[in-house]
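The values are calculated or read from the model by the stated rules, or taken from the named source; none is laboratory data. Not measured: the values here are computed from a predicted model. Methodologically, a virtual Cβ is constructed for each residue, glycine included, from the backbone with ideal geometry; neighbour enumeration extends over all protein chains shown. The accessibility values were calculated without ligands, DNA or RNA, using every heavy atom of the protein model including side chains. Shrake-Rupley method; radii C 1.70, N 1.55, O 1.52, S 1.80 Å.
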There are 2 protein chains.
Amino acid sequence: MPDTLSQTFAALADPTRRAMLARLADGEASVSELAEPFRAEMSLPAVTKHLKVLERAGLITKTKQAQWRPCKINPLPLKDASDWMQQYRRIWEESFDRLEEYLKTVKAKKKAQGKKNDRSK
Amino acid sequence: MPDTLSQTFAALADPTRRAMLARLADGEASVSELAEPFRAEMSLPAVTKHLKVLERAGLITKTKQAQWRPCKINPLPLKDASDWMQQYRRIWEESFDRLEEYLKTVKAKKKAQGKKNDRSK
DNA sequence: CGGTTAATTAACCACATGGTTAATAATAGT
DNA sequence: ACTATTATTAACCATGTGGTTAATTAACCG
């Protein structure tokens with residue numbers, strides 16, 4: 001019984017499931033509609049399993065409509081995961097700043113080098 | 001060999017590894033320093049394995065210093081994962097707006113109800 | 001050299017994950 | 001009632017994950 005955040009990240013750690021979420025971002029879809037892009041690569045039960053992972057993570061909710069199971073995206077866990085990540089924003093921005101700084105010094109050096117080599121006729 | 005994003009999310013799907021990242025956000029730390037908070041819960045080889053997962057995901061880099069292996073956080077994959085998530089920002093903001101709207105109508109209804117029940121003497 | 005500290009590797013185990021095929025359920029439509 | 005469609009469940013398999021203990025490597029220190 002892992003915590004919510006772990007379940008969310010685990011659910012996102014699969015390209016098939018991320019593609020399904022992307023599809024659901026455009027609106028509800030039934031299981032077979034979600035399965036359609038993967039029909040060549042995997043069977044329907046495999047799709048059902050992926051959806052179950054997304055459901056247990058709270059990223060989607062399945063409803064009933066005749067013999068269809070329309071799925072709907074639930075963005076809350078995504079927001080929570082995103083909020084968690086923002087903790088580290090400071091760090092990647094710092095590291096980007098350091099990179100910028102470094103590139104500036106490299107460019108400065110290059111310029112000096114250029115001058116040194118400037119024996120144009 | 002899963003894609004980068006999958007490896008990142010998989011690495012983040014474990015509270016121990018997230019705690020290690022949090023520690024590394026405050027600066028470099030050796031393996032045993034990183035292990036310290038977990039000494040009661042798990043052995044050193046377990047820690048080594050977690051670090052290997054983080055390393056393969058590109059979230060940390062290990063260097064050498066005598067018999068120590070100082071680890072440093074590398075925020076790039078975190079930024080990429082965060083950027084990916086921002087796709088869904090629209091959705092959770094929309095759903096928040098809908099919730100707000102709903103709460104407004106509920107409050108309005110409550111008020112009306114209150115009036116109806118107002119037979120104070 | 002010999003001992004200590006830091007960390008990894010090896011070998012193993014239980015359990016989860018991602019897939020399969022075959023069988024089953026549930027609803028719609030005629 | 002029968003058949004087709006949609007989806008799930010069951011049973012199975014290979015591989016990955018998270019942990020263990022014991023052995024090994026590598027560097028320092030006296």
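Pick out which of A:Asp14, A:Asp80, A:Asp97 has the largest mean-square fluctuation in a Gaussian network model of chain A, springs linking Cα atoms closer than 10 Å.
In this elastic network of chain A, the residue with the biggest mean-square fluctuation among A:Asp14, A:Asp80, A:Asp97 is A:Asp97.
Using a label point 7 Å beyond Cα on the Cα-Cβ vector, give me the inter-copy distances for A:Thr61 in nanometres, one decimal, shortest first.
4.6
For region A:6-62, which whole percent of the accessible surface, found with a 1.4 angstrom probe, sits on carbon and sulfur atoms?
Looking at region A:6-62 in its full context, I get 52 percent from C and S.
Per residue, how many Å² of accessible area does chain A show with a 1.4 Å probe?
Accessible surface, normalised per residue, equals 67 Å².
Tell me, which residues of region A:1-25 get at least 30 Å² less accessible area when the other protein chains come in, versus the chain alone (1.4 Å probe)?
Buried on complex formation: A:Ser6, A:Phe9, A:Leu12, A:Ala13, A:Arg18, A:Ala25.
Quick one: angle between helix A:89-116 and the longest Cα principal axis of chain A, in degrees between 0 and 90, rounded to 10, please.
The two axes meet at around 30 degrees.
At 222 nm, what helix-only mean residue ellipticity would chain B give, in deg cm²/dmol to the nearest 500, using -39500 (n - 2.57) for each DSSP H run of four or more?
For chain B, the value works out to -20000 deg cm²/dmol.
Estimate for me the total accessible surface buried between chains B and A (protein heavy atoms, probe 1.4 Å, no ligands or nucleic acids), in Å² to the nearest 100.
Interface area, both chains combined: 2400 Å², rounded to the nearest 100.
Size of the dipole of the protein assembly as shown about the Cα centre, Lys and Arg at +1 and Asp and Glu at -1 on the beta carbon, nothing else charged, in debye to 20?
620 debye
Whole-Hz Karplus ³J(HN,Hα) for region A:61-78, in order, using 6.51 cos²θ - 1.76 cosθ + 1.60 and θ = phi - 60°, x for Gly and Pro?
Values, residue by residue: 10, 9, 10, 10, 7, 6, 8, 9, 10, x, 10, 10, 7, 10, x, 4, x, 4 Hz.
Under a GNM of chain B (C-alpha, springs under 10 Å), which listed residue has the highest mean-square fluctuation: B:Ile60, B:Ile91, B:Ile73?
Among B:Ile60, B:Ile91, B:Ile73, the largest GNM mean-square fluctuation belongs to B:Ile91.
Can you give the accessible area of A:Glu36, probe radius 1.4 Å, in Å² rounded to 10?
120 Å²
Quote the accessible area belonging to A:Val47 in square angstrom, nearest 10, computed with a 1.4 Å probe and with ligands, DNA and RNA left uncounted.
It works out to around 0 Å².
Pop the C-beta distance of A:Thr63 and B:Lys52 into the FRET formula with R0 = 41 Å and round what comes out to the nearest 0.05.
0.45
With contacts defined as alpha carbon pairs under 8 Å and 6 or more residues apart, what's the relative contact order of chain B in percent?
Computed over chain B, the figure is 26 percent.
Distances from B:Pro15 to the same residue in each other copy, label points 7 Å out along Cα→Cβ, in nm, shortest first?
3.2
Which net charge results for the neighbourhood of B:Thr63, defined as the other residues with beta-carbon distances under 10 angstrom from its beta-carbon, given Lys and Arg at +1 and Asp and Glu at -1?
+3
Using amide H atoms built 1.01 Å from N in the peptide plane, name the residues 5+ places from A:Ala29, or on other chains, whose amide H lies under 5 Å from its own.
Under 5 Å from the amide H of A:Ala29 lie the amide H atoms of A:Cys71, each far enough along the sequence or on another chain.
Taking 30 Å as the cut-off for C-alpha to C-alpha distance, list the pairs among A:Lys79/B:Lys72; A:Lys49/B:Lys52; A:Lys72/B:Lys79; A:Lys79/B:Lys64; A:Lys107/B:Lys72; A:Lys104/B:Lys72 that go past it.
Result: A:Lys79/B:Lys64 exceed 30 Å.
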